[in-house]
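These notes are about the structure you will find just below.
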Amino acid sequence: MNLHEYQGKEILASFGVRIQRGIVAHNAKEAVDAAKQLTQETGTGWHVIKAQVHAGGRGKGGGVKLAKNLKEVEELAGSIIGMNLVTPQTSAEGKKVHQVLIAEDVYYPGDSETSEFYMSVLLNRATGRNMIMYSTEGGMDIEEVAEKTPHLIFTEEIDPAVGLMPFQARKIAFNLGLSGTAFKEMTKFVSALYKAYVESDSSMFEINPVLKTSDDKIMAVDAKVTIDDNALYRRKTYAEMRDLREENPIEVEAKAVGLNYVDLDGNVGCMVNGAGLAMATMDLIKMAGGEPANFLDVGGTADAKRVEEAFRIILKDPNVKAILINIFGGIVRCDRVAQGVVDAYKNMGDAIQVPIIVRLQGTNAEIAKEIIDNSGLAVHSAVQFKEAADKVEELLAN
């Protein structure tokens, strides 16, 4: 589950990480009120207006602006709220901005003593250990740094048996070229950041940039946080931070009815039971010359109602040109699935305008094939993987 910047900073602050302070506003008036409050609390006269969307590169799309007075705060906030922000990490349509973060300006005019760093905490899947990735090149896209100057990216792996050790935090501060007060502040920052990552059950914390101010304070100026969905049952407070407006509406709808669905960019819809079979089915579609339009696991209860819900979810994607149903009947009998497909097809009437290939294997597979073949509907049955692939290829060609 992705969080907004202001939400990620709230979590960081709760673990003792110094952050760039800010207040969320949903309209221009709230933005001005927030700016006045920040001025009273921090003494800042300038404010940074930041669009709150689940995407990076907001500054490049015009979603981050500096306001030097309250009039500019009102004007800039009014122009950003409601806009469709297009960044390198959004679609061509962009994402609508519903709120902005009014943040204190932590950069002082003409100050050359500040430094920006990059830092993230995430799982190294190759080793199964958490790691801290960091660089002196803060404020830039880390992908660009990795491509052009990979020697400027450092990693520190954490032994899960002992956690982050003090010497590792000191090593990070040393590699970032810090000394004196800034060195000590960075070691505290790293330790608090890692604690926040572990104890919030996150799968990623990315701070870009981490700022060293002219008076040697270390703070998070940005925060990109992803919480592990599987841990939300024990993180009720974080679960309430979910902003469904930022998520794919089809995936949200599928989750509401208990379907495991991931939207993809292809032209063949998939309906399967089991994640492993789903992956194999997507490979099958690729081999047949198509592209999977989704990952959809209906689970072990593929009855008529569930199949109908799955059909409706898949058909919301206008790019779908065919649907491949690939079910292994173990817990659920194939004949029940077949009847579910037929009933769902009839219930939906003219809503289904694309060909459907059904491959059912396992318990009562032969009976299931008879049900499909005798239904009188435009449903194509298959027995073997290769047969299903051939039908997909044939139907796409037509």
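When a/c is below 1.5 the answer is rounded, else prolate if a/b is larger than b/c, else oblate, so apply that to the range 248-397 with a ≥ b ≥ c taken from the square roots of the Cα gyration tensor eigenvalues. Cα axes put the range 248-397 in the rounded bin.
Which entries of 9/95; 50/95; 36/95 have Cα-Cα distances beyond 24 Å here? Working shown, then result.
Working: 9/95 21 Å; 50/95 14 Å; 36/95 28 Å.
Pairs exceeding 24 Å: 36/95.
When only Cα pairs below 8 angstrom with a gap of at least 6 residues are kept, the range 117-160 shows a relative contact order of 40 percent.
Potential lengthening of the chain between residue 170 and residue 305 amounts to 42.8 nm, from the contour at 0.36 nm per residue minus the alpha-carbon distance. State the answer as a single residue: which of 323, 106, 310 lies farthest towards the positive end of the charge dipole of the chain, with beta carbon charges of +1 for Lys and Arg and -1 for Asp and Glu, about the Cα centre. Value: 106.
Across the chain, C-alpha contacts under 8 Å between residues 6 or more apart give a mean separation that, scaled by the residue count, equals a relative contact order of 12 percent. Compared with the dominant principal axis of the Cα atoms in the chain, helix 5-14 is inclined by about 60°. From most to least packed by mean Cβ count within 10 Å, the peptides 136-143, 262-269 give 262-269, 136-143. Here the calculated FRET efficiency for residue 252 and residue 354, from their Cβ-Cβ distance with R0 = 41 Å, stands at 0.95, rounded to the nearest 0.05. Once the Cα atoms are used to define both axes, helix 166-175 deviates from the longest principal axis of the chain by about 80 degrees.
So what's the net charge close to residue 183: Lys and Arg +1, Asp and Glu -1, counting the other residues with Cβ under 12 Å from its Cβ? Computed value for this residue: +3.
Taking every DSSP helix (H) stretch of at least 4 residues in the chain, weighting each as -39,500 (n - 2.57) and dividing the sum by the residue count yields a mean residue ellipticity at 222 nm of -11500 deg cm²/dmol. Here the range 21-105 is treated with +1 on each Lys and Arg Cβ and -1 on each Asp and Glu Cβ, and its dipole about the Cα centre works out to around 220 debye. The distance linking the range 1-73 with the range 319-398 is 52 Å (Cα centroid to Cα centroid, whole angstrom). Taking 0.36 nm per residue of separation and subtracting the Cα-Cα distance, full extension of the segment from residue 72 to residue 237 would add 56.0 nm. When the charge dipole of the chain is built from unit charges on Cβ atoms (+1 for Lys and Arg, -1 for Asp and Glu) and taken about the Cα centre, the candidate among 46, 94, 338 whose Cα reaches farthest toward its positive end is 46. Here the chain is assigned +1 on the Cβ of each Lys and Arg and -1 on the Cβ of each Asp and Glu. Its dipole about the Cα centre then comes out at about 640 debye.
By how many nm would the segment from residue 398 to residue 84 lengthen if fully extended, with 0.36 nm per residue of separation less the alpha-carbon distance? Extra length from residue 398 to residue 84 when fully extended: 109.3 nm.
Throughout, read-outs are computed from the coordinates displayed, never taken from laboratory work. As the structure is a computational prediction, the values presented were derived from the model and not from experiment. Every residue, glycine among them, receives a Cβ derived from its backbone with ideal geometry; neighbour counts consider all protein chains shown.
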